[in-house]
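*Asks:* The structure that follows is given in the form of structure tokens.
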Amino acid sequence: MKKNISQTNKDEAIRDFFNFKLNLIKDSQALAAKKREIIKKHKIDNLLNSDLLDYYNYLLETRKIEKNPEFERLIRKRAIRTMSGIAPVAVLTKPYPCPGNCAYCPTEKEVPVSYLSNEPAVMRAIRCDYNPFKQVILRLMALERIGHEPNKIELIVIGGTWSNLPEKYQYWYILNCYRACNDYLKIKKNQKNDWSQAFKQKIKSPFKQNLSLKELKTLLKKEQNKNEKSSYKIIGLTLETRPDFIDEKEIMRMREMGCTRVEIGVQAIDDKILKLNKRGHGVDEIARASKLLKNYGFKLTYHLMPGLPGSSAKKDLAMFKDLFSDQRWQPDQIKFYPTVVTKNSLLYRWYKQGKYKPYSDETLKKLIIDCKAEVPIYVRIIRLIRDIPGESIIAGNKITNLRQIMKEGGVKCRCIRCREAREKQVKKYRLDMDKYLSSQGAEYFISINSLDKKTLYGFCRLRIDENSPIAKAIVRELHVYGQLVPVGEKNKKTQHQGLGKMLMKKAQEIAVLNKAKKIAVISGVGVRGYYRQLNYRLVKSYMIKVLTK
């Protein structure tokens, strides 16, 4: 009975909150003050932003209030998620035997190798029985519930070595992800945006795994065509794998699925360290995979593990510097996963035997600060720390907000993530171009920046590569930063201000100067329409434009 009274009080409190004029709430301090006032008046324990957002959406749907973008911004949780212009949606594949036997990887029953059952992404996947359709649907619902508009989706498929999964499972998995985005609007209306009801009603994949490979490929193409016009578009697809599994056949499969970015487990660019940690491949395989992926236009992310057995802080820094001085490497993005000791790994046994000692927090902080100083302006550091719960870490770094601590300590970084515009408006700007060699090709990083170059509004990666089987000139990435803006809706910030067209025009000019007869774009399925407006046409899985002088 008390619970019912408490809920009634909370409902009354929420309604009371909206009796106040929302346009008088100008900042987070004013929002917090109003919430404290309502909490005290109605004698409730708390008033969550998600509660306010649910009722705000109800009032919008019933046309009892007008849309208030500023209020939406204030109550949106974790606004950083969509400030890069896209909504990342991570999904996990089912547990499957791993081809490797790395010393540092934990092996937990019914969880993909190298993952732990209490990691947030894994917990979500387990609740969905690793069902891709359900994972996507519920992730989109969760994002919308905390105030985001995930209309432009970067689908990130994690779970270990994608390339080692059965081929039919791969196509089935990706097919269901596209279908989930295409069906989401209809499902959301049926569930009334209530994710808990979605669990109770057991949303299931519309496609079964007993379909033939030919049927799966045919259905995938149909769903991709639908997604071009869907309200929830997949504009980028990321797959993670091992470098020794990359060959042209695997690359063509990835492209058929719509993949635009590949993350590879590099860990260290030192054969001795890789061998000691039983990685199963050497630096030659990393170099070959990097070159192949760039030749086909993929964006490339390296996973790096400072602090591995056999390394040192000095050696880690030297390897990091080598990433950008040796053209064999030159990744576009980096994930730092400092080595930690977890149970059910060979490294754990080494640690217990006194054969391994992780870096201290201070050593790790200094190493990352030194590494950050070496990052070129054309590289994005996606992560500094992996999201492993502290209780699972036996030894090693347990600081989860290392990036924030460093920022507060005055650490400066030139990487893309630290300079992206986010909520800043485009004012005066400059067009810059940085050229560098990478895997026997020339990379042009064309960027639009503030006059002091401290703020990045957008960029384009153009590769000129005589060895590319797609085109001599290939755009590997086009990105305009700022708060995500749904397709067709304009604002005064950075997206949809013509910056993308300006960058593409410059890329085409450089391609012509390099005597390229055509220019290709490794386009995500959901953004093909944008390139069609620029007179590109779909050829196989790439958007192609014939160039004239």
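The values are calculated or read from the model by the stated rules, or taken from the named source; none is laboratory data. As the structure is a prediction and not an experimental result, all values here were calculated from the model. With ideal geometry, Cβ positions are generated from the backbone for all residues, glycine too; neighbour counts draw on all protein chains shown.
*Asks:* Can you confirm whether Asp332 is under 30 Å from Ser439 (Cβ atoms) and either assigned by TED's automatic domain parsing to the domain that holds Ile264 or out of contact with any helix residue (DSSP H, G or I) (no Cβ under 9 Å at 6 or more places or on another chain) (or both)? Before you say what the answer is, go through the steps one by one.
*Replies:* On the way: under 30 Å from Ser439 (Cβ atoms): yes; either assigned by TED's automatic domain parsing to the domain that holds Ile264 or out of contact with any helix residue (DSSP H, G or I) (no Cβ under 9 Å at 6 or more places or on another chain) (or both): yes.
Answer is yes for this residue.
*Asks:* If you don't mind, another one. Looking only at region 514-531, which residues are surrounded by 14 or more Cβ atoms within 10 Å (Cβ to Cβ) and of a type in the set (D, E, K, R)?
*Replies:* Lys518, Arg528
*Asks:* Considering region 218-249 alone, what residues qualify as being surrounded by fewer than 23 Cβ atoms within 10 Å (Cβ to Cβ), of a type in the set (Asp, Glu) and under 18 Å from Asp183 (Cβ atoms)?
*Replies:* Glu228
*Asks:* Okay, next question. Exactly one of these conditions fails for Gln353: (1) within 22 Å of the chain's Cα centre (by Cα); (2) surrounded by fewer than 20 Cβ atoms within 10 Å (Cβ to Cβ); (3) not charged (D, E, K, R). Give me its number.
*Replies:* Status for Gln353: all satisfied but (1).
*Asks:* Out of region 452-470, which residues are not in a strand (DSSP E or B) and not hydrophobic (A, V, I, L, M, F, W, C)?
*Replies:* Listed by number, the residues that qualify are Asp452, Lys453, Lys454, Thr455, Asp465, Glu466, Asn467, Ser468, Pro469.
*Asks:* In region 378-398, how many are at pLDDT 90 or above, of a type outside the set (Val, Ile, Thr) and either within 25 Å of Lys454 (Cβ to Cβ) or under 23 Å from the mean Cα position of the chain (by Cα) (or both)?
*Replies:* Residues flagged as at pLDDT 90 or above, of a type outside the set (Val, Ile, Thr) and either within 25 Å of Lys454 (Cβ to Cβ) or under 23 Å from the mean Cα position of the chain (by Cα) (or both) within region 378-398 amount to 2.
*Asks:* Mind listing whichever residues of region 335-357 are touching a helix residue (DSSP H, G or I) at 6+ places or on another chain (Cβ under 8 Å) and under 22 Å from Val113 (Cβ atoms)?
*Replies:* Listed by number, the residues that qualify are Phe336, Pro338, Thr339, Val341, Thr342, Lys343, Tyr356.
Residue-wise test of (1) within 30 Å of Leu237 (Cα to Cα); (2) modelled with pLDDT of 95 or more.
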{"residue": "Lys291", "(1), (2)": "yes, yes"}
{"residue": "Pro309", "(1), (2)": "no, yes"}
{"residue": "Ile334", "(1), (2)": "yes, yes"}
{"residue": "Leu364", "(1), (2)": "no, no"}
{"residue": "Ile368", "(1), (2)": "yes, no"}
{"residue": "Lys372", "(1), (2)": "yes, no"}
{"residue": "Pro376", "(1), (2)": "yes, yes"}
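Listed here are the residues, each with its yes/no results for (1) touching a helix residue (DSSP H, G or I) at 6+ places or on another chain (Cβ under 8 Å); (2) of a type in the set (Phe, Trp, Tyr); (3) modelled with pLDDT of 95 or more; (4) over 22 Å from Lys222 (Cα atoms).
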{"residue": "Ile146", "(1), (2), (3), (4)": "yes, no, no, yes"}
{"residue": "Asn151", "(1), (2), (3), (4)": "no, no, no, no"}
{"residue": "Ile156", "(1), (2), (3), (4)": "no, no, yes, no"}
{"residue": "Glu167", "(1), (2), (3), (4)": "yes, no, yes, no"}
{"residue": "Gln170", "(1), (2), (3), (4)": "yes, no, yes, no"}
{"residue": "Leu175", "(1), (2), (3), (4)": "yes, no, yes, no"}
{"residue": "Tyr178", "(1), (2), (3), (4)": "yes, yes, yes, no"}
{"residue": "Asn182", "(1), (2), (3), (4)": "yes, no, yes, no"}
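*Asks:* Please name all residue pairs, on different chains or six or more residues apart, with Cβ atoms under 8 Å, provided the first residue is in region 1-27 and is outside the structural domain of Asn68 (by TED's automatic domain parsing) and the second residue is modelled with pLDDT of 75 or more.
*Replies:* From region 1-27, no pairs qualify.
*Asks:* For region 494-549, give me each residue that is in a helix (DSSP H, G or I) and free of Cβ contacts under 8 Å to residues at least 12 places away in the same chain.
*Replies:* Lys505, Glu509, Leu513, Arg532, Gln533
*Asks:* Has region 471-481 got any residue that is of a type outside the set (Lys, Arg), part of a loop (DSSP other than H, G, I, E, B) and either surrounded by fewer than 21 Cβ atoms within 10 Å (Cβ to Cβ) or assigned by TED's automatic domain parsing to the domain that holds Val379 (or both)?
*Replies:* There is no residue in region 471-481 that is of a type outside the set (Lys, Arg), part of a loop (DSSP other than H, G, I, E, B) and either surrounded by fewer than 21 Cβ atoms within 10 Å (Cβ to Cβ) or assigned by TED's automatic domain parsing to the domain that holds Val379 (or both).
*Asks:* So, one more: Spot the failing condition for Ser450; the list is (1) under 24 Å from the mean Cα position of the chain (by Cα); (2) modelled with pLDDT of 90 or more; (3) not acidic (Asp, Glu), and only one is missed.
*Replies:* (1)
*Asks:* Same structure, new question: From the residues in region 249-279 that are in contact with a Pro (Cβ under 8 Å, 6 or more places away or on another chain) and part of a helix (DSSP H, G or I), which one is nearest to Glu154 (Cα to Cα)? I'd like the intermediate steps shown before the answer.
*Replies:* Pass one, region 249-279, residues in contact with a Pro (Cβ under 8 Å, 6 or more places away or on another chain): 264-266, 273, 276-277.
Among the residues that remain, those that are also part of a helix (DSSP H, G or I) are: 273, 276.
On the way: Ile273: 33, Leu276: 35 Å.
If we take residues in region 249-279 being in contact with a Pro (Cβ under 8 Å, 6 or more places away or on another chain) and part of a helix (DSSP H, G or I), then Ile273 is nearest to Glu154 (Cα to Cα).
*Asks:* Okay, moving on. In region 300-327, how many are under 30 Å from Phe459 (Cβ atoms) and surrounded by 18 or more Cβ atoms within 10 Å (Cβ to Cβ)?
*Replies:* Residues meeting the conditions: 12.
*Asks:* Any residue in region 248-271 that is at pLDDT 95 or above sitting within a Cβ distance under 6 Å of a residue that is acidic (Asp, Glu) and in a strand (DSSP E or B)? List the pairs, counting only those 6 or more apart or interchain.
*Replies:* Final answer for the pair search is Glu263/Glu240.
*Asks:* Enumerate the pairs (first residue in region 294-318 and closer than 19 Å to Asn277 by Cβ; second residue anywhere and in a strand (DSSP E or B) and acidic (Asp, Glu)) with beta-carbon separation below 9 Å, excluding pairs fewer than 6 apart on the same chain, so at least 6 apart or on different chains.
*Replies:* Tyr302/Glu263; His303/Glu240; His303/Glu263
*Asks:* Using the structure shown, decide if Arg261 is crowded, with 21+ Cβ neighbours inside 10 Å, of a type in the set (Lys, Arg) and either in the same structural domain as Glu154 (by TED's automatic domain parsing) or at positive phi (or both).
*Replies:* So Arg261 fits the description; yes.
*Asks:* Something else about it: Report whether or not Lys291 is over 30 Å from Ser468 (Cβ atoms) and either assigned by TED's automatic domain parsing to the domain that holds Ala442 or out of contact with any Lys or Arg (no Cβ under 6 Å at 6 or more places or on another chain) (or both). Spell out how you get there, then give the answer.
*Replies:* Working: over 30 Å from Ser468 (Cβ atoms): no; either assigned by TED's automatic domain parsing to the domain that holds Ala442 or out of contact with any Lys or Arg (no Cβ under 6 Å at 6 or more places or on another chain) (or both): yes.
For Lys291, the condition - over 30 Å from Ser468 (Cβ atoms) and either assigned by TED's automatic domain parsing to the domain that holds Ala442 or out of contact with any Lys or Arg (no Cβ under 6 Å at 6 or more places or on another chain) (or both) - is not met.
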